[in-house]
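Below is one structure, written out as structure tokens; the observations come after it.
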Amino acid sequence: MIIKMDSEVARGKFPHGWHRTFYTLWLGAFITGMGYSMTMPFISLFIAELGNFTRFQLNIYSGLAFGVTFISQAIVSPFWGSLADRKGRKLMCMRASGVMACTICAIGFAQSVWMIIGMRFLQGVFSGYINNATALMAGETPHNKSGWVMSAMTTAGVAGNLVGPLLGGFLSGLFGYRIPFFITGALMFCVFLSTWLLTVEHFTPIKKEAMKPMKEIIHNLDNPPLIFVMFLTTMIVTSSTMSIDPIISLYVRQLMGGHGNIAFVAGIVAATPGLGTLLAASKVGHTMDRIGPEKVLQIGILTAFILFIPMTITKSPWALAFWRFLLGLANAALMPATQTVLTLDVPTEAFGRIFSYNQSFQAAGAVLGSILGSFISGISSYEMVFVITGLTLLLNFILVMLVRPKKQLTEKRKSWFKQINY
């Protein structure tokens, strides 16, 4: 594939040196995703070792441990987004990675479920590495490469989510559930150092009084309803993932009858969507640059809805892993397409705040999904979680179909996309 130089690159707006920043942030996002998935798929099994809990209590505590991070994240994200627009996104990445290094290590020392929940809450207050790294790259990347770069940034977290459960399951099976937390904390400290020393952000600080109000920015958007639907899509897609994550190891334990190396098998089942997404991400990114992100998003959501149907009736963890692998192929079209729409349709000076609002919706989806999934599985069954999740994706598909980009916006995109020579 040959990509011609964008006119904005020629004018110097996007310097050629953005590549090193991209690779550094990609690696940081990879480690962040890996660290999360090394620890969180097994948090319910870790909690089970800290006390004698009923099935309902274990499900609820697991849901809280997942969801509390995103409650605090949803509350503080607009503040961090405003600060990012004034101080830069690099500082936000350093803040997130540094605090995460400390809180994850602290969870490894936890002696009660409430200490885990407390540290997860604190982690959410200062979190946001991947979102801020994505926003940073959105401002550093030529428009005609936005689809590829947004997909690549998503691929980083996805690749981490693929490796993490396998490594976490292996380490947990050998050394217990605490060791992965200590390893993740050390790796996040390395992310903090690399982000500090190796990334460059071409950012001009904006005084607080000079910043346009969000009301004015939204009023001047070409298609505000499209942006709001992208926020809702972020929430629903995240909810569809998080409704499954807190109960996946418990569901695998049920399918295996409580016998065998449950942590390792659960790690494989948790990792398979990441493998699918990783394999499909590059193709999806180039497709978005050619036909536009909305069409890719529509196909991805509809495919994901269909794939949840067989997951409700499977009786084997390996069959579940297979369907989740196919789901990962569809997932490659979801968050990258949503973020690409935001990148193309929002002014650069508002990236920090827009992406922070998107992060708030993402956090809200994580809270809704993790608590709803835990509650439904506690009062009904694990299979019912898949049923409800699939129906929410169907609703999302209908919303996306109802909102289309305006004609002048479509023409503006074509002027960017036609610079790509495949």
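From the Cα trace of the range 42-106, what convex hull volume per residue do you get, rounded to a whole Å³? Mind showing how you got there, number by number?
Values: hull volume 5.5 nm³, N = 65.
Residue-normalised Cα hull volume stands at 85 Å³.
Please list Tyr23, Tyr61 from largest to smallest accessible area, probe radius 1.4 Å, with all protein chains kept in place. Can you show the working numbers first?
Details: Tyr23 140, Tyr61 45 Å².
Largest accessible area first, the residues go Tyr23, Tyr61.
Please provide three numbers in whole Å: the alpha-carbon extents of the range 22-156 along the principal axes, with the largest listed first.
So the three principal-axis extents are 55, 27, 23 Å.
Would you kindly work out the equivalent ellipsoid of the range 229-293 from its C-alpha gyration tensor and give its semi-axes, the square roots of five times the eigenvalues, largest first in whole Å?
The three semi-axes for the range 229-293 are 32, 16, 6 Å.
So how much accessible area does Trp196 have, in Å² to the nearest 10, using a 1.4 Å probe?
About 130 Å², rounded to the nearest 10.
Can you put Trp323, Trp318 in order of accessible area, largest first, using a 1.4 Å probe? Walk me through the numbers on the way to the answer.
On the way: Trp323 75, Trp318 140 Å².
Largest accessible area first, the residues go Trp318, Trp323.
Treating only the Cα positions of the range 254-352 as identical point scatterers, give the base-10 log of I(q)/I(0) from the Debye formula at each q in 0.13 Å⁻¹.
For the range 254-352 at q = 0.13 Å⁻¹, log10 I(q)/I(0) is -0.55.
Rg over Rh of the range 79-142, using C-alpha atoms and the Kirkwood radius, what does it come to?
Working: Rg = 14.0 Å, Rh = 12.7 Å.
Rg divided by Rh gives 1.10.
Output the peptides 375-387, 264-276, 48-60 sorted from most to least packed, where packing is the average of other Cβ atoms within 10 Å over each peptide's residues.
264-276, 375-387, 48-60
What is the calculated FRET efficiency for Thr54 to Gln254, with r their C-beta to C-beta distance and R₀ = 22 Å, to the nearest 0.05? Before the final figure, lay out each step's value.
On the way: r = 15 Å, r/R0 = 0.69.
In this case the efficiency is close to 0.90.
Using only the heavy atoms of the protein chains and a 1.4 Å probe, how would Ile309, Ile248, Ile183 rank by accessible area, largest first? Don't skip to the answer; put the middle values down first.
Working: Ile309 95, Ile248 0, Ile183 65 Å².
Descending order: Ile309, Ile183, Ile248.
The values are calculated or read from the model by the stated rules, or taken from the named source; none is laboratory data. Predicted model, so just to flag it, every value in this text is computed and none were measured. All Cβ positions, glycine included, derive from the backbone under ideal geometry; neighbour counts span all protein chains shown. Remember, those area values only see protein heavy atoms, side chains included, never the ligands or the DNA or RNA. Shrake-Rupley method; radii C 1.70, N 1.55, O 1.52, S 1.80 Å.
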